[in-house]
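Inspection log for the structure reproduced underneath, given as structure tokens.
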Amino acid sequence: MIRLSANLGFLWTELPLPDAIRRAKAAGFAAVECHWPYDVDARLVRAALEETGLPMLGLNTVRGRPGENGLAALPGREAEARAAIDQAFDYGRAIGARAVHVMAGAAKNATGSRETFLANLAFAADKADAAGMSVLIEPLNQRDAPNYALGTIEAAAGIIAELGRPCVKAMFDCYHLQIMGGDLLRRFEAHRDIVGHVQFAAVPSRAEPDEGEIAYDRLLRDLAESGYDGFFGAEYRPRRTTDEGLEWMTMLKD
């Protein structure tokens, strides 16, 4: 079964977040997720979620300075990284979110970045266990996010294995991972046990998933048939308005 989540970091961004949640429900999405909702009163977000019955799957830790894309793997920035983790879990608990994506940051090959990332993820895992939530880490492609500390699902698997915390899972973003090696179905099956969420967008445009290199009408069904029973997060940048581009959803109806 294909259950779709609307990523409101990209979809209906012209609307206040509570109204975007309502629009996602009206459009037929079964869940929502977001990026950085911190400027919005959490009470209003929770009210919209309760009104619509949609689960909030996750939110991100803040990006830090321009170009950093997160803080958790940046040596010497541990205090900021942990403040960002605290912020994300506090807000996530207030709205009933299921997971926090802990953004690693632009720290590829920086001395001590892996150790810093592991230590900050252990801190986040303690928060997640206390809150009944999960931690997600996401490989980002090096074209869109140069020097990001985590680039492949294989690297994420290594981090998760070394950390050894069951609440920490990987985001399998088809857009990023197609750019970073492709072979999506085989790589998904090889790492199924650590996948906490799946996202998708057209490659290379990152627009609606009805164009480009990946046949999502087949791939998402294949992922579901391989045992994935979670939501599929639509995290794409609309070519025009969100509403004008939703025709792609018909290709995934049973």
Inset, instruction - Kindly indicate whether LEU121 is outside any helix (DSSP H, G or I), at pLDDT 95 or above and more than 22 Å from PHE231 (Cα to Cα). - result: no
Counting only residues in the range 150-186 that are part of a loop (DSSP other than H, G, I, E, B) and among the charged types (D, E, K, R), the one surrounded by the most Cβ atoms within 10 Å (Cβ to Cβ) is identified as ARG165
Every listed condition ((1) modelled with pLDDT under 95; (2) surrounded by 21 or more Cβ atoms within 10 Å (Cβ to Cβ)) holds for ASN147 save (2)
When the range 39-59 is checked residue by residue, the ones that are in a loop (DSSP other than H, G, I, E, B), in contact (Cβ under 8 Å) with a residue 24 or more places away in the chain and surrounded by fewer than 15 Cβ atoms within 10 Å (Cβ to Cβ) are GLY53
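Examine the range 233-251 for a residue that is within 14 Å of CYS174 (Cα to Cα), part of a helix (DSSP H, G or I) and touching a residue at least 40 places away in the same chain (Cβ under 8 Å), and state whether such a residue exists.
Checked the range 233-251: no residue is within 14 Å of CYS174 (Cα to Cα), part of a helix (DSSP H, G or I) and touching a residue at least 40 places away in the same chain (Cβ under 8 Å).
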Query raised in the report: Is it true that THR61 is over 14 Å from the mean Cα position of the chain (by Cα) and of a type in the set (S, T, N, Q)?
Result: no
Looking across the range 124-149 at residues that are among the small types (Gly, Ala, Ser), in contact with a strand residue (DSSP E or B) (Cβ under 9 Å, 6 or more places away or on another chain) and outside any helix (DSSP H, G or I), the single one that is nearest to TYR228 (Cα to Cα) is SER134
Discussion item. Would you confirm whether or not the range 106-115 contains a residue that is hydroxyl-bearing (Ser, Thr, Tyr) and surrounded by 14 or more Cβ atoms within 10 Å (Cβ to Cβ)?
Written reply: yes
Report yes if some residue within the range 103-111 is in contact with a His (Cβ under 8 Å, 6 or more places away or on another chain), polar (S, T, N, Q) and farther than 22 Å from VAL40 by Cβ; otherwise report no. no
**OP:** Report yes if some residue within the range 127-147 is in contact (Cβ under 8 Å) with a residue 60 or more places away in the chain, touching a Phe, Trp or Tyr at 6+ places or on another chain (Cβ under 6 Å) and of a type outside the set (Asp, Glu); otherwise report no.
**Re:** yes
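The values are calculated or read from the model by the stated rules, or taken from the named source; none is laboratory data. These numbers come from a predicted model, not from an experiment. Glycine gets a Cβ as well: all are built from the backbone with ideal geometry, and neighbour counts include every protein chain shown.
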